[in-house]
1. For B:Leu121, list long-range residues whose amide hydrogen, built 1.01 Å from N in the peptide plane, is under 5 Å from its own amide hydrogen.
2. Ignoring ligands, DNA and RNA, how much accessible area is buried between chains B and A, both sides summed, with a 1.4 Å probe, to the nearest 100 Å²?
3. Using a 1.4 Å probe over the heavy atoms of the protein chains, calculate the carbon and sulfur portion of the accessible area of region B:60-139 as a whole percent.
4. What are the ³J(HN,Hα) couplings of region B:86-93, residue after residue, when phi is run through the Karplus curve with 6.51, -1.76, 1.60 and θ = phi - 60°? Round to Hz, x for glycine and proline.
5. How far apart, in nm, are two points set 7 Å out from the Cα along the Cα-to-Cβ line at A:Ser63 and at A:Gln127?
6. Quick one: Cα centre-to-centre distance for region A:98-171 and region B:86-113, in angstrom?
7. Quick one: accessible area per residue over region B:60-139, 1.4 Å probe, rounded to a whole number of Å²?
8. What are the nm distances, shortest first, from B:Arg97 to its equivalents in the other copies, labels at 7 Å along Cα→Cβ?
2 protein chains.
Amino acid sequence: MRNPDPVEKMDQQTPAPEPPEHADRPAPPEPEPSTPGLEADLRVAVGRLARRLRAQRPDTSLSLGQGAVLFALARHGRMTPRALADHEKVQPPSMTRIIGALEERALVRREPHPQDRRQHLVDLTEQGRALVRQDTRRREAWLAQRLAELEPGERETLREAAEILDRLSRS
Amino acid sequence: MRNPDPVEKMDQQTPAPEPPEHADRPAPPEPEPSTPGLEADLRVAVGRLARRLRAQRPDTSLSLGQGAVLFALARHGRMTPRALADHEKVQPPSMTRIIGALEERALVRREPHPQDRRQHLVDLTEQGRALVRQDTRRREAWLAQRLAELEPGERETLREAAEILDRLSRS
DNA sequence: CGGGGCTCATTACTCTTGCTAACGAAATCG
DNA sequence: CGATTTCGTTAGCAAGAGTAATGAGCCCCG
């Protein structure tokens, strides 16, 4: 293990770290969270859901990261590893590893960069493109099944939330 | 829920200086099932958000799993390790480790089970309770800050979504 | 020009976190 | 009382992501 770091005294009521308000703000300053447990609920639910998504990955043995990269390439066209890393908010070495795994499966291909010989361009192969298309409708059974069981209104809520979550995850 | 139509929405917007791709755009079929890319969008966003939540963990060195357990105990009262594992959808050995880490920090305590000497009851200590209270309003700066920047309507959407995501993650 | 400094990708290593397998102790059922 | 089941734990392993260091290549500035 490591240093236990015994929590000795813990300030019970931490004075709120209120950021200084900017003077010219006509709107309500909203210093308190208008949604009480949201932060905790969201954190717990997202963490657990991600864990289950990773675990329940059935047969399409693409990791979450690999799938995300494949989708990003399909949506935005070929990119350098650096651009992919920025997009997915991982460090370059992690992206190197993901690309390596995808390349081993012949789902992506590294092409030389036309102007800069340090860089590569990563692009989908035909097989990669086919997998994305296939997954677009079939994807991973577990989540698709769960989503199918929801009420239409709930799916709609999730659809709006997915866009917000995407922004959150990228900000 | 088999969807027979080829969802083929790949808008090529190549950021690279070399756009001579197969740059034709198939007429947008837009057959629009109930939720087109929801499964993929949600999966990617949840994965990325979980990754960032884990990474951005600032100083309160509680892992996602540890935080979840603390909150579960605060919400539902003391529980056996088995119950906690079921609740958080992890295997018992993982829960053993989480509880061990929390116990080292004196945030939880193991009590003997009154009727069954195989089992324990895990309960929050005063310090654990204080940390939960503190985190309820302070929590992790990163997510709280992001949430605060959202529109009220967006937070409301997330609040509804959080409940749905919780159910999803547990089903 | 040409060198210093930067950027890009990769390698090497570590850490965290979750899993399965196996095990000992205790309850329970026959 | 013995067999079986359940609970928590230990041991070992694998995946995923991060930091540090490295080498190749670009580019600006003197």
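1. Distant-sequence amide H within range of B:Leu121: B:Glu111, B:His113.
2. Chains B and A together bury roughly 7800 Å² of accessible area.
3. Working: 1970 of 4140 Å².
Whole-percent figure for carbon plus sulfur exposure: 48.
4. 4, 4, 8, 6, 10, 7, x, x
5. 1.9
6. Spelled out, the Cα-based centre of one part sits 35 Å from the other.
7. On the way: 4140 Å² over 80 residues.
Accessible surface, normalised per residue, equals 52 Å².
8. Copy-to-copy label distances at B:Arg97, shortest first: 1.5 nm.
The values are calculated or read from the model by the stated rules, or taken from the named source; none is laboratory data. Keep in mind it's a predicted model, so treat the numbers as computed, not measured. A quick note on method: Cβ atoms are made from the backbone with ideal geometry, for glycine too, and the neighbour counts reach across all protein chains shown. Quick note on the areas: whole protein, heavy atoms, side chains included, nothing else; ligands and nucleic acids left out. Shrake-Rupley method; radii C 1.70, N 1.55, O 1.52, S 1.80 Å.
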